[in-house]
Structures are given as structure tokens and as C-alpha cells.
């Protein structure tokens, strides 16, 4: 049963990703990406990580997608009319990197799952467990994240001050 | 444990089918008499001038950026809120440091006028 | 999962979806009648006794309207966006416990799915709820629609932070993300007492989140005609309308669940215990189920009245006021609320009554101060008399 659901969801996720890459209209791409995000959140549920399921939806489908949509809509750049390639090295490099990634995934799939990778305790990713890990083992990375976010805020302010002269249109 | 998520999954599929029924019914029942003027863009009876693909105000984008940043901050608060009774005073202090840094960011943004709708 | 379970599940889903439709239909009637009374009018009272068949008449009319797809529209996106808008509005009901009818195996007939991240599920569904509107605005290829759609997403994200943080207050009170646990923990005292500040901020943010008056800039008639749904007609328009109202009622239901004790009411346990002893467990469960469902619906109805009341009372805000309220008032207030809750509950974990009273008093003071500082017209209005010269 779980395998069937996994296969369907994975197929939806891959189809969404491929459709996102192939569609010429950026808004269509965004919608396909949204479908992909939702499918991936379902995969988290199947991995017994309900917290990540919710976070995937809140952060990626809820926040990052808005940003994408805004960039596309505000620039009026949804039609990919300009299909000339700006960087000639981009396509070969991308193909090489994805070939390497596929090879790695294939190798891992052929090797079979590591024995310690099996889920024994289904509560391992409950919010309480994550909090415990966050405030003991990963306390320093957690606090450093605050500084990273602070840097991002400073970036927003910089964009604001440099954009406020140009941004008088609605 | 996954059974409850399966309920949500079935409900989700149902929710996809659910709006299709009235859409199809309206398609079958409603009249279809299109005229070029009816199918035109509605701008209060005036001729539509120009394209909608204009540049919008950059402010919308800046709010979205700020939203993403603070949303991630809130996401860090979630696991803590479920467990702060168990992880205790130490976690409260750790979270306080985290929040003070980010509230500092919010105050900075506020003072610099980045939250101002101009 | 056996076939019987699956059939029960499908029946549950259908009942919940139909209930959402019925709630939508009668909420529109309730709103129109109440709004009319508040404005000293009668409201629709012709179709059926007291206008009770009015929603049905509206639906039939909409079915027979022509479904116009503008030539300039992006056909596929135009077609799917009403569905996009409606799906979140419906599936958000999955984890809300609308009552307590024990099924004898530790479950609850009146809650579709009990998951340990129930509240996060609600927030997640809310956060994807705006795309239907945004994408509809884009697909219509109309300037009004486009502006409405963009305004909608900027507004919704601005209030989502405050919403998420106030929900956090209720979560901290129960130390659980499970909606069922949150409701159970409110047996002694509803969360509105220790979370008064959170409740007020939640109601305001929720009103903005479902883009309703006074925050309905998305469809401000005077500037944007119909806003994002200007180009929509027939059933597609009805689906947008429905998603808006189902979302509003869902928000009220969430507010009831998180802050107003959910399906609990004083004396419920005594009543159930009495009936169970007198007539057996089955009758006891049935009485518990029906009374708790009734209590829940009554509370939602009360909050729905407040929504209509707000709409009738307050004029629409300006866009800069909207953004200021979200970022400079509600976000700091909700952060303060989280801080107060955390400090009080960590320092005084064994005195719930004391912490509740302290946070109630502090919350009221903070709200009063905020309302006084932010009152419009507080800045001195000096009228300059300018000599125009004759």
C-alpha cells in the first residue's frame, strides 16, 4: 500500500519537475513547481517525518513560491520569448552535473539501503524530538542561522534604499 | 499513524473532484453565445489600453522577501513551542537570543523605512 | 485498512464536503440578512419562508449563466484557478475537531484526521490558499484582476506571520500541535483567558487572511471593479465566492478550536457522566457527540456574527494602513504574546490560574496602549488658513 502511494507521489513529483522545466511560460512553470512541492511534502509523510511535511508546505509552497510568483509577475517576464542562450557553457555543464547526480543515485540504489538507515522509531521526527536536537547538539548552528537571517534582512533594507528612487510605479 | 494521513489524502482527492462537478454542470446547462465584445477584456466598457505586463512596484517584492525571512524564523519557533516545557530554561534563553537578533533586524528594517509603503 | 473502513472514510469525506457547501450557502444568507438588519433593511426574504431558499435560487441562477472565457485569458490557468482556490478551503477542515463522538477505539467520529502536527497542517494549508486568487488575477489578463491578485498575495503574506505566531501561543498553552489535545487541555479554562492578546490578534489577522472587509482591498469595487474575479462568471465565479466563505467559516472554526475551547462547554463532563450512568455508553457517546457538535456550531455562529458585524461597522482601510497594521502592529504584538507566554509558563509552570490572570491583565494593558498610540487623528491636526487673495 505504502509502495503504491510512494510510486504515485514520486511520479507526480517527477512529472511536475519535468513540466516545470519544459514549459515556456514562467507562471505555468511556477504552478508545476507548486505541484512538485506538494508531492514532495507527501513523500515526507511516507518517511514518517510529519513535521517536515508541514514545514515543506509552509516554507517552500507557502513562502518561496510567493517570492517566485512576485519576481515573475512584477517583472512581467513570464513569456520566455528571449530564448537565446546567454551563457554557452551553461547547457553542457548542467548536463554533466545532472549525469553525475543520476550516476550517484543509481549507484546508491544498486547498493541497496544501508542497514542503519531503517526507521525503527516512528516518533523520531516529531516536533519535540527536533526541538531537543536543536537545543542540544545543534545549538550553535541554530544561533548562527539567526545571523544568516539578519544578513538577509540587511539585504532587504539595501534593496529598499536603492530601489526607492526607481520604484515609484504601481 | 499513517492512516490519518491517508484520510487527508482521500479527502484531498475528493476536494479536487468536488469543484469539478458544478463546473461541468454549469458547462452543460449554461448558454453559449459568445460575441467578440463579450469575450473582450472588461475594463468598464472602455477599450483596453496597453499590456498588463507592466513593471509593478518593487515594494511588493521587498515585502515578500521580508516575509520569507520572518517565516523561517517562525518555523524555528514551532518545534520549540511544542517542547519548551521539556527543554526548559536553557532553551528559553537560547530562543531569546535567537529572537533578539531577529527582532533587532525587524527594528533596523523599521527604522530604515523598509516597512514603509510609499 | 479494510473495505468497510474505506467506505466509512469516503462517506465521511462526502459528508464533510457537503457540509462545507451547506455552510457556505447558509452563511451567505445569514450574512445578507444580518447585514440588512444592521443597516436597517429587510434583506432577502422572498424565496421560501424567511428567505430560506434564497441560496438555492442563487445557485440555480448561476448554473444557467453563460460561462465566458475572455479571449485574452490563459485558458488552462483560467480554468484551474477556481479549483485551486477551493481545494485549500475544503481540506483545511480535515484536522478541525467539530465535536467529540468517541468511536470506541480511541478515535472521534467528528474529526476526519487526528495527526500530531494538526495545527501545522492548518497553517500549511492556509499558506497555499492564496495561489488560486493570485493566479486567477494573472490568467484573466486584465489590469484590475492582476492588481487584485498581487494585492491579495502581498496582503496574505503580511498577515500570515502574525497569524502563525498567535497560533503558536495556543500551541504553547497545550505544548502540542494536535488539535484534539489543544481542545482537551481547555477543559478547565478556555485559551482566550491566558491568550487574550493572541486571540484578538488572531481574529484581526484571520480577517485579513481571508481578504474580508475591512481588509478587502483585493476586490475594492471603487478602484478594481471586481478585483481578481472581474473576468469570472457563472460557476467559476461561484467557486471563488464559495472558497472565500468556506475559508472564513474555517478561520472562525480554527479560532474556536484554538481559543474558545473547541467543542467543550461547562458542564459537559457532568452531563455525559450522568447520561452514561443512566442509559449506557452508546447513548452517552451520542449525547456527548450531539451536544459538543452543537456547542461548537454555536460558537462558530457567534464568531461569524462578529465577522458580519465588523464588515457592517468598519470602512475599508488604505493599502499603506493595511501594511502598517500587519508589519508594525500585529507582528510585534504577536511576538510579545509569544514572549509573555513563554516566560510565564517556564517560570511558573505549576500555577495555571495565576499565569492566566497575569497574561490576561498584561494583554489587556498592551492592547489598550496600542489602540491609544495608533489611534488615527492623534497627531495634532492644524488647519492652515491660506490667504488665497482675491
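The values are calculated or read from the model by the stated rules, or taken from the named source; none is laboratory data. All values reported here derive from a predicted model rather than from experimental measurement. Cβ placement follows ideal geometry from the backbone for every residue including glycine, while neighbour counts extend to all protein chains displayed.
Of the residues A:34, A:21, which is more than 30 Å from residue B:83 (Cα to Cα) and out of contact with any helix residue (DSSP H, G or I) (no Cβ under 7 Å at 6 or more places or on another chain)? Give the steps one after another, and end with the answer.
Values: A:34 fails: out of contact with any helix residue (DSSP H, G or I) (no Cβ under 7 Å at 6 or more places or on another chain).
Result of the check over A:34, A:21: A:21.
Among the residues of region C:261-277, is any in a helix (DSSP H, G or I), touching a helix residue (DSSP H, G or I) at 6+ places or on another chain (Cβ under 9 Å) and buried (at least 24 other Cβ atoms within 10 Å of the Cβ)?
No: region C:261-277 contains no residue that is in a helix (DSSP H, G or I), touching a helix residue (DSSP H, G or I) at 6+ places or on another chain (Cβ under 9 Å) and buried (at least 24 other Cβ atoms within 10 Å of the Cβ).
Here is a check on your reading of the model: is residue C:201 buried (at least 24 other Cβ atoms within 10 Å of the Cβ), within 13 Å of chain B (Cβ to nearest Cβ), in a helix (DSSP H, G or I) and under 14 Å from the mean Cα position of the chain (by Cα)?
Working: buried (at least 24 other Cβ atoms within 10 Å of the Cβ): yes; within 13 Å of chain B (Cβ to nearest Cβ): no; in a helix (DSSP H, G or I): yes; under 14 Å from the mean Cα position of the chain (by Cα): yes.
No: the conditions fail for residue C:201.
Any residue at all in region C:310-322 that is assigned to a helix (DSSP H, G or I) and either at positive phi or crowded, with 21+ Cβ neighbours inside 10 Å (or both)?
If we filter region C:310-322 for residues that are assigned to a helix (DSSP H, G or I), which is where we start, we get C:310-313, C:319-322.
Now drop any that are not either at positive phi or crowded, with 21+ Cβ neighbours inside 10 Å (or both), which leaves C:322.
Yes: one or more hits.
Can you report the number of residues in region C:327-347 which are more than 9 Å from every other protein chain (Cβ to nearest Cβ) and within 19 Å of residue C:372 (Cα to Cα)?
So the answer is 6.
Please verify whether region C:157-176 includes one or more residues that are within 21 Å of residue B:11 (Cβ to Cβ) and more than 11 Å from chain A (Cβ to nearest Cβ).
no
Picking from C:251, C:235, which residue would you name as being surrounded by 24 or more Cβ atoms within 10 Å (Cβ to Cβ), in a helix (DSSP H, G or I) and at pLDDT 90 or above?
C:251
Give just the number: which of (1) part of a helix (DSSP H, G or I); (2) within 13 Å of chain B (Cβ to nearest Cβ) does residue C:71 not satisfy?
Going through (1) part of a helix (DSSP H, G or I); (2) within 13 Å of chain B (Cβ to nearest Cβ) one by one, residue C:71 breaks only (1).
Consider residue C:339 against the criteria (1) assigned to a helix (DSSP H, G or I); (2) out of contact with any helix residue (DSSP H, G or I) (no Cβ under 7 Å at 6 or more places or on another chain); (3) over 22 Å from residue C:160 (Cα atoms): it satisfies all of them except one. Which criterion is unmet?
Against the list (1) assigned to a helix (DSSP H, G or I); (2) out of contact with any helix residue (DSSP H, G or I) (no Cβ under 7 Å at 6 or more places or on another chain); (3) over 22 Å from residue C:160 (Cα atoms), residue C:339 comes up short only on (3).
Return a yes/no flag: does region C:84-104 have any residue that is surrounded by fewer than 16 Cβ atoms within 10 Å (Cβ to Cβ), at pLDDT below 80, on the phi < 0 side of the Ramachandran plot and out of contact with any helix residue (DSSP H, G or I) (no Cβ under 6 Å at 6 or more places or on another chain).
yes
Somewhere in region B:81-95, is a residue farther than 22 Å from residue A:54 by Cα, more than 7 Å from chain A (Cβ to nearest Cβ), out of contact with any strand residue (DSSP E or B) (no Cβ under 9 Å at 6 or more places or on another chain) and buried (at least 22 other Cβ atoms within 10 Å of the Cβ)?
No: region B:81-95 contains no residue that is farther than 22 Å from residue A:54 by Cα, more than 7 Å from chain A (Cβ to nearest Cβ), out of contact with any strand residue (DSSP E or B) (no Cβ under 9 Å at 6 or more places or on another chain) and buried (at least 22 other Cβ atoms within 10 Å of the Cβ).
Check residue C:36 against each of (1) surrounded by fewer than 15 Cβ atoms within 10 Å (Cβ to Cβ); (2) part of a helix (DSSP H, G or I) and name the one condition it does not meet.
That leaves (1) as the condition not met.
Conditions first: (1) under 15 Å from the mean Cα position of the chain (by Cα); (2) more than 14 Å from chain A (Cβ to nearest Cβ); (3) not in a loop (DSSP other than H, G, I, E, B). Residue C:122 passes all but one, so which condition is the exception?
The failed condition is (2).
Tell me the residue from C:333, C:348, C:344 that is assigned by TED's automatic domain parsing to the domain that holds residue C:203 and over 21 Å from residue B:90 (Cα atoms), please.
C:333
Can you pull out the residues in region A:24-51 that are within 7 Å of another protein chain (Cβ to nearest Cβ) and closer than 19 Å to residue B:75 by Cβ?
A:34, A:45, A:50, A:51
Do we find a residue being in a loop (DSSP other than H, G, I, E, B) and either free of Cβ contacts under 8 Å to residues at least 60 places away in the same chain or surrounded by fewer than 20 Cβ atoms within 10 Å (Cβ to Cβ) (or both) anywhere in region B:57-68?
yes
How about region C:39-58: which of its residues are within 16 Å of residue C:312 (Cβ to Cβ) and out of contact with any helix residue (DSSP H, G or I) (no Cβ under 9 Å at 6 or more places or on another chain)?
Of everything in region C:39-58, just one residue is within 16 Å of residue C:312 (Cβ to Cβ) and out of contact with any helix residue (DSSP H, G or I) (no Cβ under 9 Å at 6 or more places or on another chain), namely C:40.
Residue C:293 fails exactly one of the following numbered conditions: (1) in a helix (DSSP H, G or I); (2) closer than 29 Å to residue C:125 by Cα; (3) touching a helix residue (DSSP H, G or I) at 6+ places or on another chain (Cβ under 8 Å). What is the number of that condition?
Residue C:293 satisfies all of (1) in a helix (DSSP H, G or I); (2) closer than 29 Å to residue C:125 by Cα; (3) touching a helix residue (DSSP H, G or I) at 6+ places or on another chain (Cβ under 8 Å) except (3).
Among the residues of region C:303-311, is there at least one that is modelled with pLDDT under 85 and assigned by TED's automatic domain parsing to the domain that holds residue C:249?
Checked region C:303-311: no residue is modelled with pLDDT under 85 and assigned by TED's automatic domain parsing to the domain that holds residue C:249.
Got at least one residue in region C:224-247 being within 24 Å of residue C:328 (Cα to Cα) and either under 17 Å from the mean Cα position of the chain (by Cα) or in the same structural domain as residue C:72 (by TED's automatic domain parsing) (or both)?
Scanning region C:224-247, I find no residue that is within 24 Å of residue C:328 (Cα to Cα) and either under 17 Å from the mean Cα position of the chain (by Cα) or in the same structural domain as residue C:72 (by TED's automatic domain parsing) (or both), so the answer is no.
Return yes when residue A:54 is under 23 Å from residue B:73 (Cβ atoms), within 14 Å of chain C (Cβ to nearest Cβ), in contact with a helix residue (DSSP H, G or I) (Cβ under 6 Å, 6 or more places away or on another chain) and modelled with pLDDT of 85 or more and no when it is not.
When the stated conditions are applied, residue A:54 passes them.
Among (1) at negative phi; (2) away from every other protein chain (no Cβ under 14 Å), where does residue C:267 come up short?
Unmet for residue C:267, out of (1) at negative phi; (2) away from every other protein chain (no Cβ under 14 Å): (1).
Is it true that some residue in region A:85-99 is closer than 22 Å to residue C:85 by Cα and out of contact with any strand residue (DSSP E or B) (no Cβ under 7 Å at 6 or more places or on another chain)?
No, the conditions are met nowhere in region A:85-99.
Which of the residues spanning region C:134-154 are buried (at least 24 other Cβ atoms within 10 Å of the Cβ) and within 11 Å of chain A (Cβ to nearest Cβ)?
Selection gives C:134, C:135, C:137, C:138, C:139, C:146, C:149, C:150, C:151, C:152, C:153, C:154.
Please list, ordered by first then second residue, the pairs with beta carbon atoms under 6 Å, 6 or more apart or interchain, first in region B:93-105 and within 18 Å of residue C:345 (Cα to Cα), second surrounded by 21 or more Cβ atoms within 10 Å (Cβ to Cβ).
Listed pairs, sorted by first residue: B:94/A:135; B:95/B:80.
Taking residue C:57 as meeting all but one of (1) part of a helix (DSSP H, G or I); (2) in contact with a strand residue (DSSP E or B) (Cβ under 9 Å, 6 or more places away or on another chain), write down the number of the exception.
(2) is the only condition that residue C:57 fails.
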